[in-house]
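One structure is given here, and the rest of the page talks about it.
The values are calculated or read from the model by the stated rules, or taken from the named source; none is laboratory data. All of these numbers come straight from a predicted model, not from anything done at the bench. Please note: Cβ atoms are built from the backbone with ideal geometry, for glycine as well, and neighbour counts cover all protein chains shown.
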Amino acid sequence: MAIGYLTIQARTAHEAVPLQGVDIRILDDQGNSLYHLFTDENGETQTVPLETLDKRFSQNENFTGLPYIAVNVLAQKAGFDSLYVSAIPIYDGERAVLPMVLLPMQQTRRRPEQMKIFVGKPAVAMQEARNQEGPASTAGSAAGAQGEENGAEGTAGEGTEDAGGRVLRQVVIPNPITVHLGAPGANASNVQVSFPDYVKNVASSEIYPTWPDAALRANIYAIITFALNRIYTEWYRSRGYDFDITSSTAYDQNFVYGRAIYESISRIVDQIFNEYVRRPGQIAPYFTSFCNGTTATCQGMSQWGTVTLANQGLAPLQILRSYYPKDVEIARTDIVTGAVTSYPGTALREGSTGLDVQTIQTYLNRIRRNYPAIPAITDPEGTFGSSTKAAVTKFQSIFGLAADGIVGKATWYKISSLYSAVARLAELNSEGNTLGIGTVPPSAVLRQGSRGQDVITLQYLLDVMSEYYPTVPAPAQDGIFGSGTRQSVIAFQRAVGLTPDGIVGQATWRKLYDVYRGIGDNVPGTGGGTQQPGGGGTGVQEYTVRAGDSLWLIARRYGTTVEAIKSLNGLTSDLINVGQVLKLPAGGTEGSWEYTVRAGDTLWLISRRFGTTVDAIKGLNGLTSDVLNIGQVLRIPG
């Protein structure tokens, strides 16, 4: 048997919060346990080997079976709903990285629910015909006829009209891109993902990652260009939809939210995610339709045909020109929407200096509060020295980038994205304290057209929901209940099982508060009445090493990590001496921390939340009964 590999990453809030200690079980198709793992401080498991089929099967278009063995993964953590991802393909020689976004438990829920995601076979193995509707599909339209020849491109420097409405004046990378999880008219949810992650997902869902490099690149160029054509022509937006593209292969490209991503695909996308196919002298992305070329044929590119041409030695552009017009070229756009700062255009490396280096140092120093395995940067501001390189390298390793210590465009945008996520989360926590979100929901019934303080509270809560629930978009916080707020309310109602009517009555208010308080209680560093051990402070405290101590024991005792202690003290080994004074992250207290009792709390619920026992809490606090009072401060065993 051949061997493939799998790594699991458990994170939440757009990766701003890594989830340590998640219980991971990898199961075969009979439910037998293959591995039992736990995530580390970065929210990641070790990489494990798994038996699968020889890669030659996935490179042979005449093989009629599935050229891989599939596994299932169950993730569980106290305070979070569990997640079960099934039918994950494992390929010979390929490392699959499975992102698992866990949802915090609602405060009043007594037991976690289990969310399920089915991955299944890629589109290239499907029998269904593809009908990728494009700019040429509207009969009788002059613009549609032009689209059949040119992919609905405009002339350089100006936008044009197509049958569906407008086209943009320039090609931009949508970050995030909004994907509808179904056919255009289906009553399905939308999700927002970064554009590189979208392309990685689609490529992993469309083709086999074991194909030759040139074939992979040709397919990924087609996937990028197809999506950018939808954006450029505003294909769905101009028709009144609230999304950019669908996950339906009958209309667009295969996208499976929550699936595993393959390393060979990920590496290529990181290099070319802002490059696309166009005709000479034109701006717009060409309409790069495609199909598998075996069970389904089309006028566009044959996915299996790219393998044959790659094996014949053709380069990616030559492969594309075999299916699309002979003069297509590869263009690049450096316009990325939603980016905190734009990539400077030149890679930063050891020896670089200037404001761009200082920006990256600032971002990494903030990110390491959430990811303490990233070493501290001690170089002077604006100077890319050895400590900056070490921080960049560790960041790249954590987030699946080429760990070379060089800040190219993929690393730049990933650092920028993570900084935006952690900074936004901190901003929301601060904003919640300022607004004074109480324990009792407002009594007002809100609907489109409502205004005032209760709407501001609603919009804030929805904004928080959008950080943890991928299907809930963030509304503008302007105190006006407009169409954007209504869309966000409907998405939230759908996500938590309420009637999606867009009206905020008592049931919706209660659910908003349950979810909000659940986030505060269960997500590290978000507050909500819980003092998290070692949680995110920038100060330090001192500890004198005693006989029998080890870094691991001290880290456990004070709710921090070995890497964080070593980084803070400049240690290069785990050796410590009795009497040695160590700096520890502020916030952790030896043996216990404090918790303020909230409405609905019981000793049993609190013990479950913090992984202790009712008797341990009662003993530590001198309690003789199970009666608690709201506002009572309890010491929680460490």
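Every residue, every condition in (1) crowded, with 24+ Cβ neighbours inside 10 Å; (2) part of a loop (DSSP other than H, G, I, E, B); (3) at pLDDT 95 or above, yes or no:
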{"residue": "Ser238", "(1), (2), (3)": "no, no, no"}
{"residue": "Gly258", "(1), (2), (3)": "no, yes, yes"}
{"residue": "Ile265", "(1), (2), (3)": "yes, no, yes"}
{"residue": "Val277", "(1), (2), (3)": "yes, no, yes"}
{"residue": "Pro280", "(1), (2), (3)": "no, yes, yes"}
{"residue": "Pro285", "(1), (2), (3)": "yes, yes, yes"}
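May I ask you to list the residues in segment 394-407 that are surrounded by fewer than 20 Cβ atoms within 10 Å (Cβ to Cβ) and either hydroxyl-bearing (Ser, Thr, Tyr) or under 16 Å from Gln46 (Cα atoms) (or both)?
Result: Ser397, single match.
Just the residues that are touching a helix residue (DSSP H, G or I) at 6+ places or on another chain (Cβ under 7 Å), β-branched (Val, Ile, Thr) and either in the same structural domain as Asn60 (by TED's automatic domain parsing) or outside any helix (DSSP H, G or I) (or both), please, taken from segment 309-352.
Answer for segment 309-352, where residues must be touching a helix residue (DSSP H, G or I) at 6+ places or on another chain (Cβ under 7 Å), β-branched (Val, Ile, Thr) and either in the same structural domain as Asn60 (by TED's automatic domain parsing) or outside any helix (DSSP H, G or I) (or both): Val328, Ile330, Val336, Val340, Thr341.
Return only the number of the condition from (1) assigned to a strand (DSSP E or B); (2) surrounded by fewer than 16 Cβ atoms within 10 Å (Cβ to Cβ) that Gln30 does not satisfy.
(1)
What pairs come out if I take residues in segment 616-638 that are within 16 Å of Asp601 (Cα to Cα) and touching a residue at least 12 places away in the same chain (Cβ under 8 Å) and pair them with residues that are loosely packed, with under 14 Cβ neighbours inside 10 Å and aromatic (Phe, Trp, Tyr) whose C-beta lies under 9 Å away, six or more apart or interchain?
From residues that are within 16 Å of Asp601 (Cα to Cα) and touching a residue at least 12 places away in the same chain (Cβ under 8 Å), the pairs are Asp626/Trp604.
Tell me whether segment 395-418 contains one or more residues that are polar (S, T, N, Q) and over 26 Å from the mean Cα position of the chain (by Cα). Let's see the steps before the verdict.
Step one: of segment 395-418, the residues polar (S, T, N, Q) are 396-397, 411, 416-417.
Now drop any that are not over 26 Å from the mean Cα position of the chain (by Cα), which leaves none.
Within segment 395-418, not a single residue is polar (S, T, N, Q) and over 26 Å from the mean Cα position of the chain (by Cα).
Please go through segment 81-119 and give me each residue that is in a loop (DSSP other than H, G, I, E, B) and either among the aromatic types (Phe, Trp, Tyr) or within 20 Å of the chain's Cα centre (by Cα) (or both), ordered by number.
Within segment 81-119, Asp81, Tyr91, Leu102, Leu103, Met105, Val119 qualify.
Go through segment 491-516 and give me each residue that's basic (Lys, Arg) and within 20 Å of Met115 (Cβ to Cβ).
Arg494, Lys511
If you check Glu234 against the conditions, is it on the phi > 0 side of the Ramachandran plot, touching a residue at least 40 places away in the same chain (Cβ under 8 Å) and in contact with a Lys or Arg (Cβ under 6 Å, 6 or more places away or on another chain)?
When the stated conditions are applied, Glu234 passes them.
Restricting attention to segment 471-486, which residues are within 27 Å of Asp197 (Cβ to Cβ), buried (at least 20 other Cβ atoms within 10 Å of the Cβ) and either touching a residue at least 24 places away in the same chain (Cβ under 8 Å) or in contact with a Gly (Cβ under 6 Å, 6 or more places away or on another chain) (or both)?
Answer for segment 471-486, where residues must be within 27 Å of Asp197 (Cβ to Cβ), buried (at least 20 other Cβ atoms within 10 Å of the Cβ) and either touching a residue at least 24 places away in the same chain (Cβ under 8 Å) or in contact with a Gly (Cβ under 6 Å, 6 or more places away or on another chain) (or both): Pro473, Pro475, Thr485.
Kindly indicate the residue of segment 422-458 that is touching a strand residue (DSSP E or B) at 6+ places or on another chain (Cβ under 9 Å) and in a helix (DSSP H, G or I) and also surrounded by the most Cβ atoms within 10 Å (Cβ to Cβ) among those meeting that condition.
Restricting to residues being touching a strand residue (DSSP E or B) at 6+ places or on another chain (Cβ under 9 Å) and in a helix (DSSP H, G or I), the top hit is Leu458.
Does Arg517 meet the test of being modelled with pLDDT of 95 or more, among the basic types (Lys, Arg) and assigned to a helix (DSSP H, G or I)? So that I can check it myself, show each step before the final result.
On the way: modelled with pLDDT of 95 or more: no; among the basic types (Lys, Arg): yes; assigned to a helix (DSSP H, G or I): yes.
Against the criterion (modelled with pLDDT of 95 or more, among the basic types (Lys, Arg) and assigned to a helix (DSSP H, G or I)), Arg517 does not qualify.
Looking at (1) among the charged types (D, E, K, R); (2) buried (at least 17 other Cβ atoms within 10 Å of the Cβ); (3) under 30 Å from Gly497 (Cα atoms); (4) touching a residue at least 40 places away in the same chain (Cβ under 8 Å), which one does Asp81 not meet, given that it meets all the others?
Failed condition: (4).
Residue-by-condition table, conditions (1) surrounded by 17 or more Cβ atoms within 10 Å (Cβ to Cβ); (2) in a helix (DSSP H, G or I):
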| residue | (1), (2) |
| --- | --- |
| Val357 | yes, yes |
| Thr362 | no, yes |
| Tyr371 | yes, no |
| Ile374 | yes, no |
| Thr378 | no, no |
| Glu381 | no, no |
| Lys389 | yes, yes |
| Val392 | yes, yes |
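When you scan segment 320-336, how many residues do you find that are closer than 12 Å to Val277 by Cα and in contact (Cβ under 8 Å) with a residue 40 or more places away in the chain?
Adding up the residues that qualify gives 10.
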